[in-house]
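To start, the structure itself, in structure tokens.
The values are calculated or read from the model by the stated rules, or taken from the named source; none is laboratory data. No experiment lies behind these values; they were computed from the predicted model shown. Reconstructed Cβ throughout: ideal geometry from the backbone, glycine too, with neighbour counts over all protein chains shown. All accessible areas refer to the heavy atoms of the entire protein, side chains included, with ligands and DNA or RNA removed. Shrake-Rupley method; radii C 1.70, N 1.55, O 1.52, S 1.80 Å.
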Amino acid sequence: MLLRKRLPNICIILLKEESNIIHLEKGFPKNFKWGSSTNAQQFEGGFNEGGKGPSISDTRVESESLKDASFNDFKMASDHFHRFKEDIRYYNELGLKIYRFTMSWSRIFPNGNDNYPNKAGLEFYDHILMELEKYNIEPVVTLYAYDLPLNLLKKYNGWMSRKVITDYSNYVSTVATYFKGRVKYWVPFNEQNFLLLDSKYIAGYQARNQTELFKMQHNFNLSYAKALEIIHKVDPGTQVGGNIGNTCIYPKSCDPNDVEKSDEAMKRIGYGPADVDFRGQYSPYYLNSFKGVNFNEIIQKDDLDLIKSVKPDFMSLTYYMSSVVGKDDNTENMSVVKFPNPYCKSTDWGWTIDPYGFKHFIEEFYHRYQLPILILENGLGAYDELKNGNINDDYRIKYLTEHILRMKEAIADGVNIIGYLTWSAIDLYSTREGFEKRYGFIYVDKNDDLKRIKKKSFYWYKKVIKTNGVELL
């Protein structure tokens, strides 16, 4: 029996099964995990401290222009490297149940393929886990987020070579063994499907054609499969899942040609990569999107068996916006995720605000793959303004509230969602727009020694967590 009653801004649900009763009265499931996320290359800093080697993210801003960036230094970022104890105290005050951070490959192996790991790098993440454990905050660890050790790019063009699979697997085995029993959720790659839209940013190498692009994607896929195999073997008690970064792509009109183009875009950058991660297969429609590629020259014997053999425990999804695609639009670069929707408002950076797209996106992936979902990132980037020591970010509260309500509807529709992590816990360096584009609940004042200041949204999210989603307004 499903009893559902609508009140203003509140969804009261009672779902009764034969042998189980799940109460979602006003709030969320009892053990729902509320949290937030960060990424090492955008947040950590300490780029040449503690034995860390250079990565592609450390050199990126030297050669690329960030039009909106005024704090253009990934090397310091938010200086979490020196302030992690302070930052994690804020997480505890906020009430986070779960927290996602990334480990920097070049902090563990400075050259990416060293004979022995960097002890200081392992100790740094050991100390982060100790702080999280002190406050009973569950860690989610992503192992790669656009920060390939620079040496591997110079040595063999990084993800263009199958050698990267061996080096990445050694890194995975090292951290999985060292931190065995302490990490509940592992995510091998962050938004690896976006390689198809911006290989230079994701991998450090600009693919010159579809053959090179597929070769890199295939090496990512093999590395992902090896990571699942290794982590499950080393630490059977932990869970491992892939990550798909995406947008909800609508057709520009009901013209079948527009619908077909939007379908093709989702198959190419959404369902195709997800089929590999969550079904262990290359779908024909995905391979068909790589025009002119001779797959027999790239896919070696036993590759498909490896991809098919591993089983993820969950899928992690990131969502920020929807996009509108028409028959004449170019869907082969990052602009495809930013095509405007005339029926929706947009952020300061032109990202469409579409809470329903979040629900649609979640439900589509759940019904396709039938795996529990961990929302790894969802948030609003804005020009936050510090006035008299305060940051009034009602626009962020509104965005997150509307998306959480849609997520609640998805759960009521039967979607199994483990938890919800916002982007981001604290202000950090936005990958393409610099430090002016802020996402966090805590403001980082670049004009005052990176001082941390709690925003209005900090107190709002604290209340959301404390009430398990009952008090959203």
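The one condition from (1) under 28 Å from Tyr201 (Cβ atoms); (2) of a type in the set (Gly, Ala, Ser); (3) open to solvent by 10 Å² or more (accessible area, probe 1.4 Å) that Gly434 does not meet is (3).
Of the residues making up the range 382-438, those that are assigned to a loop (DSSP other than H, G, I, E, B) and within 20 Å of Tyr99 (Cβ to Cβ) are Ser424, Ala425, Asp427, Leu428, Tyr429, Thr431.
The number of residues in the range 267-291 that are aliphatic (A, V, I, L, M) and at pLDDT below 95 comes to 1.
Looking across the range 324-357, just one residue is of a type in the set (Gly, Ala, Ser), surrounded by 14 or more Cβ atoms within 10 Å (Cβ to Cβ) and farther than 30 Å from Phe32 by Cα, and that is Gly326. I'm checking my understanding of the structure. Among residues of the range 458-473 that are open to solvent by 80 Å² or more (accessible area, probe 1.4 Å) and free of Cβ contacts under 8 Å to residues at least 60 places away in the same chain, which one is nearest to Asn392 (Cα to Cα)? So, considering only residues that are open to solvent by 80 Å² or more (accessible area, probe 1.4 Å) and free of Cβ contacts under 8 Å to residues at least 60 places away in the same chain, the one nearest to Asn392 (Cα to Cα) is Tyr459.
The set of residues from the range 340-385 being over 25 Å from Asn243 (Cα atoms) and among the hydrophobic types (A, V, I, L, M, F, W, C) comprises just one member, Cys344.
Selection over the range 114-130 of residues that are of a type outside the set (A, V, I, L, M, F, W, C), surrounded by 19 or more Cβ atoms within 10 Å (Cβ to Cβ) and within 23 Å of the chain's Cα centre (by Cα) gives a count of 2. Within the range 349-365, residues that are without any contact (Cβ under 8 Å) to a residue 24 or more places away in the chain reach partners that are open to solvent by 30 Å² or more (accessible area, probe 1.4 Å) with beta carbons closer than 7 Å, at six or more positions or on different chains, in the pairs Gly350/Lys338; Gly350/Pro340. Filtering the range 107-133 to residues that are more than 18 Å from Ala425 (Cα to Cα), out of contact with any Phe, Trp or Tyr (no Cβ under 9 Å at 6 or more places or on another chain) and part of a helix (DSSP H, G or I) leaves Lys119, Ala120, Glu123, Met130.
Take the conditions under 24 Å from Phe124 (Cα atoms), within 23 Å of the chain's Cα centre (by Cα) and open to solvent by 10 Å² or more (accessible area, probe 1.4 Å) and apply them to Lys226. Does it pass? Taking the combined requirement at face value, the residue does not satisfy it. If a residue has to be at pLDDT 80 or above, open to solvent by less than 40 Å² (accessible area, probe 1.4 Å) and not in a loop (DSSP other than H, G, I, E, B) to count, how many in the range 34-82 make the cut? So the answer is 14. If you go through the range 358-380 one residue at a time, do you hit one that is charged (D, E, K, R) and crowded, with 18+ Cβ neighbours inside 10 Å? Yes. Would you mention how many residues in the range 295-309 are in a helix (DSSP H, G or I) and open to solvent by less than 40 Å² (accessible area, probe 1.4 Å)? Total satisfying the criteria: 3. Selection of the range 134-189 for residues being open to solvent by less than 10 Å² (accessible area, probe 1.4 Å), assigned to a helix (DSSP H, G or I) and either β-branched (Val, Ile, Thr) or within 22 Å of Gly51 (Cβ to Cβ) (or both) yields Leu152, Gly158, Val164, Tyr168, Tyr171, Val172, Val175, Ala176. Summed over the range 445-457, the residues that are surrounded by fewer than 24 Cβ atoms within 10 Å (Cβ to Cβ) and not in a loop (DSSP other than H, G, I, E, B) give a count of 6. Criterion first (open to solvent by 40 Å² or more (accessible area, probe 1.4 Å) and touching a residue at least 40 places away in the same chain (Cβ under 8 Å)) does Asn111 satisfy it? So Asn111 passes the test.
For the range 237-294, a residue qualifies if it is part of a helix (DSSP H, G or I), open to solvent by less than 10 Å² (accessible area, probe 1.4 Å) and of a type in the set (Ser, Thr, Tyr), and the qualifying residues are Ser262, Tyr286.
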